[in-house]
Amino acid sequence: MTVKIAHTAEVQDFFKEVSGLLNDQGNPRLKQLVKRIVNDVARLIEDLQVSPDEFWTAVDYMNRLGARQEAGLLVAGLGIEHYLDLQLDAQDAEVGLGGGTPRTIEGPLYVAGAPLAEGEVRMDDGRDAGTVMFLQGRVLDADGQPVAGAVVDLWHANTQGTYSYFDSTQSEFNLRRRIITDGEGRYRARSIVPSGYGCPADGPTQELLDQLGRHGNRPAHIHFFISATGYRHLTTQINLAGDEYLWDDFAYATRDGLIGELRFVEDAAAADKRGVQGRFAEMDFDFHLQPAPKPACEQRSGRPRALQDA
C-alpha cells in the first residue's frame, strides 16, 4: 500500500521550494503553474500507486515524443485541444456571445507567411495528380453582410495526407495560401481534393493510441484562419462529408456546421469552362464572423508555430 505524503506540510514546503515560490525572482505565473503540476503529479503517483518503472517509462516516452516533435499531435489525439475549444465555447456562453461559424482545433501543421492574393488563387503546384477542387465562398458578418478585405488563410494536405514544409518532397507553401476577400466578401481557390491522414505508425503518438485501443486517423479536411478588422479571429476547419472518419476523427475536430459537401462534376463542357480536363470537384462554404468585443479578439492565439524559412 502506497504511503501518501504529498499533502504533508514538509512535502508542500519542498514543492514550494522547487517551484521557486520561496524566492522573489523569476516568473510568478510560471511558479504557480509549476507548483500545481508538481502537486498533481505527486498525487497521481500516490493515488494510482505508480511504480518507479512506470514513472521512468513515462519520462522516456516524453523524451521520445519531443524528439519526434509530436507533442502537438498528441494533445489533439488526447482531446485536450478540443477541450480548449469547449472551454472557450463555455466562456462565450457565460457572457452571452454566440453565433457565427463554429471554432475547432488548429492542429500542429500551420506555417506562417503563405503567399497573399486578392480574391482568387491557385494553391497547388501542379505536381500532384489529384482531383482538381474549386473552393469558393463568402466571409459574412453576423447579419449576413459581406466582409470585404478579410484574410482567409487556408492550408491542407496533399493526396498522400502530408503537408508542405513538414514534407520536404513538396514545394514551398504548396497547398498553403492567404486570400483577401473582394468587395462582396468572396474568396476563391483552385486546389486539389485533400486526403485524410494517420499518425506516423512508428511514432510515439500512435504507440500510445495503440495502448488505448484507438486508431490515429483523421478525415479529409481543410484548415482556416479567418481575420478581419472589427471581428473575432476564427480558427476552424472544414471536414469533408462522406469520409469514413468524419465522425470518428482521432483529433475530435469535426463539429456540426463544419462539414463541407464536395460536388464531383463529370461534364466535359463544364470542365472546359473551368480550364481543366476531366472530372473535377466544387465546394461552396461561407464563414460568419462575430464582432470583436475588444481589439485583442481580432488576433489569433500566440501559440508557437512554424515559420517558413526565407
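For the reader, a short list of remarks on this structure follows.
- Helix-only mean residue ellipticity at 222 nm for the chain, each DSSP H run of n ≥ 4 adding -39500 (n - 2.57), per residue, nearest 500: -8500 deg cm²/dmol
- Comparing 80, 180, 105 in a Gaussian network model of the chain, where Cα atoms under 10 Å apart are tied by springs, the biggest mean-square fluctuation is seen for 80.
- Looking at segment 206-310, the chymotrypsin sites (Phe, Trp or Tyr not before Pro) that sit in a DSSP loop and have at most 15 other Cβ atoms within 10 Å of their own Cβ are 247.
- Backbone phi angles across segment 244-252, fed through the Karplus curve with coefficients 6.51, -1.76 and 1.60 (θ = phi - 60°), yield HN-Hα couplings of 4, 9, 3, 9, 9, 6, 4, 9, 6 Hz in residue order; Gly and Pro are listed as x.
- Matching the structure-derived Cα Rg over 2.2 N^0.38 Å against the labelled list (1) 1.18; (2) 0.93; (3) 1.10 gives the label (1).
- Neighbour-count ranking [beta-carbon atoms within 10 angstrom, fewest first] of 7, 82: 7, 82
- Residue order for 283, 62, fewest other beta carbons within 10 angstrom first, comes to 62, 283.
- Euclidean distance of C-alpha centroids, segment 263-296 and segment 1-38, integer Å: 54 Å
- Lys, Arg +1 and Asp, Glu -1 on Cβ, resulting dipole of the chain about Cα centre, debye, nearest 20: 640 debye
- Extension reserve of the residue 172-residue 50 stretch, reckoned as 0.36 nm per residue once the Cα distance is removed: 39.3 nm
- The order of 218, 300, 36, 232, going from fewest to most other C-beta atoms within 10 Å of their C-beta, is 36, 300, 232, 218.
- Magnitude of the charge dipole, segment 246-310, Cβ model with Lys/Arg +1 and Asp/Glu -1, debye to 20: 400 debye
- Less than 5 angstrom separates the built amide H of residue 197 from those of 218, all sequence-distant by 5 or more or on a different chain.
- Cross-link partners for residue 35 among the lysines, with Cα-Cα distance under 23 Å and sequence neighbours closer than 8 places in the same chain left out: 4, 16.
- Taking label positions 7 Å along the Cα-Cβ direction at both residue 60 and residue 40, the computed distance is 2.6 nm, reported to one decimal.
- Per-residue ³J(HN,Hα) for segment 257-263, Karplus 6.51 cos²θ - 1.76 cosθ + 1.60, θ = phi - 60°, Hz, x for Gly and Pro: x, 10, 10, x, 9, 7, 10
- Considering only 18, 276, 50, the Gaussian network model of the chain with Cα springs below 10 Å gives its largest mean-square fluctuation to 18.
- Within a straight-line Cα-Cα reach of under 20 Å, residue 31 can be paired with the following aspartates and glutamates, leaving aside sequence neighbours fewer than 8 residues apart in one chain: 10, 13, 17, 40.
- DSSP bridge analysis restricted to the chain gives an antiparallel fraction near 65%, rounded to the nearest 5.
- Inter-part distance, segment 148-163 to segment 47-117, computed on C-alpha centroids, equals 20 Å.
- Listed residues 236, 7, 260: farthest to the positive end of the dipole of the chain (Cβ charges): 236
- Sites matching trypsin sites (Lys or Arg not before Pro) across segment 117-222 that sit in DSSP coil, with at most 12 neighbouring C-beta atoms within 10 Å: 127
- Shape class for segment 1-50: oblate, because the ratio a/c of the largest to smallest gyration tensor axis (alpha-carbon atoms, square roots of eigenvalues) is 1.5 or more and b/c is at least a/b.
- Cα Rg, Dmax (largest Cα-Cα span) when computed across segment 180-295, Å: 17.9, 52
- Residues whose amide H lies under 5 Å from that of residue 140, counting only those 5 or more places away or on a different chain, are 147, 287, 288, 289; hydrogens are built 1.01 Å from N in the peptide plane.
Bear in mind these aren't lab numbers, they're just calculated from the coordinates by the rules spelled out. Not measured: the values here are computed from a predicted model. Using ideal geometry, Cβ is built from the backbone for each residue, glycine included, and neighbour counts are taken over all protein chains shown.
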